[in-house]
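Every read-out reported here was derived from the displayed coordinates using simple, explicitly stated rules and does not represent laboratory data. Quick caveat: nothing in here was measured; it's all calculated off a predicted structure. Please note: Cβ atoms are built from the backbone with ideal geometry, for glycine as well, and neighbour counts cover all protein chains shown.
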């Protein structure tokens, strides 16, 4: 779970991490537990259906530690790309983990890498956006935006689409970093730490905002196509009013799926934002799609599978309560989540039953595991341990 930060909305300043973070008292207990939430659930025993095969394991640096950046690897064209807050960007071979290239700088990278069209684009805590050559790691260009970049850049249609923590979304020319458009939106005073990454569908970029809305922008020029509220900021205090749509968005052929910290998960039509369905489900990590299902993890640590057409619950797995799960990934016929003690859990998509579990390391897995087209799952923990796993039929 990510923690709330105070945001000076009038000037767009983000109070975070090493810049002097202000948190709400009582949200934290020891380590990754919260004072109100109690202890994580003890792991239940089950008969494993298979044993995941670890293909390789590497250290990519110090990891994000307690910065709550959820820096996931990027998997593209047979390679794994990583970035971390200590200034390292690496490219590794997907099948073997062999280092293809690595660059080190004094920059404090704060995002997962965005990869596409021969570029690797990464943002920093200071608002710098850096584009590297995907084959060599050489710098192609570097530009600065007005505040920290805290979500994975999106590469699309000759653009690097970058979201900064002050509510702005930039369309930067992929060739030279020149600004082609910018979309700005105000923010509430108090928000959950971090931002969900922009996602693309049919030439439209979808962005979740801290006031509980999803905004659709035309990719070519940044013009707003529509916006729709997933959850209304209601309550007496700023804490009560937190309605952030900060987790992973998912885009199907004709619908966009988003979850709010306020307690709503909704399906919206992709072309106009009209509500298809919504249901009560409070999530800070977002959603994933698996055939006819929408997968989500709520703030209590329950894993849900919902019917994609109507939002009805297909199953709920509650045995991982308070284990502060990552957002789910889909590997073959299974949902996969990481937890605060470094375990990876595989659940059957049709029933939610546990089928496999491994210990990846001793540190939390906050970033969403990534699955390649070849079915290889790549995961990193907060200490920078990176590994790839294959399952039978994955």
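Here are the numbers for the structure shown:
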{"item": "Spatial separation of Cα centroids for region 106-157 and region 244-303, in angstrom", "result": "27 Å"}
{"item": "Relative packing of 332-338, 60-66, which averages over residues the other C-beta atoms within 10 Å, highest first", "result": "332-338, 60-66"}
{"item": "Separation in nanometres of the label points that stand 7 Å from Cα toward Cβ, at residue 374 and residue 59", "result": "2.6 nm"}
{"item": "Fully extended contour minus Cα-Cα distance, from residue 106 to residue 136, at 0.36 nm per residue", "result": "8.9 nm"}
{"item": "Label-point gap, in nm, between residue 289 and residue 253 - each point 7 angstrom along Cα→Cβ", "result": "1.0 nm"}
{"item": "As computed over region 71-192, the Cα convex hull volume per residue (Å³)", "result": "97 Å³"}
{"item": "Cα-based shape type of region 285-327, given that a ≥ b ≥ c are square roots of the gyration tensor eigenvalues and the cut on a/c is 1.5", "result": "prolate"}
{"item": "Gain in span if fully extended, residue 45 to residue 333, counting 0.36 nm per residue against the direct Cα distance", "result": "101.6 nm"}
{"item": "Potential lengthening between residue 98 and residue 309 on full extension [0.36 nm per residue; Cα-Cα distance subtracted]", "result": "71.7 nm"}
{"item": "Ordering of 48-57, 287-296, 123-132 by packing [mean C-beta count within 10 Å, highest first]", "result": "123-132, 287-296, 48-57"}
{"item": "Relative packing of 157-163, 308-314, which averages over residues the other C-beta atoms within 10 Å, highest first", "result": "157-163, 308-314"}
{"item": "Backbone N under 18 Å from the residue 221 label point (7 Å along Cα→Cβ), restricted to region 165-186", "result": "169-173, 179-184"}
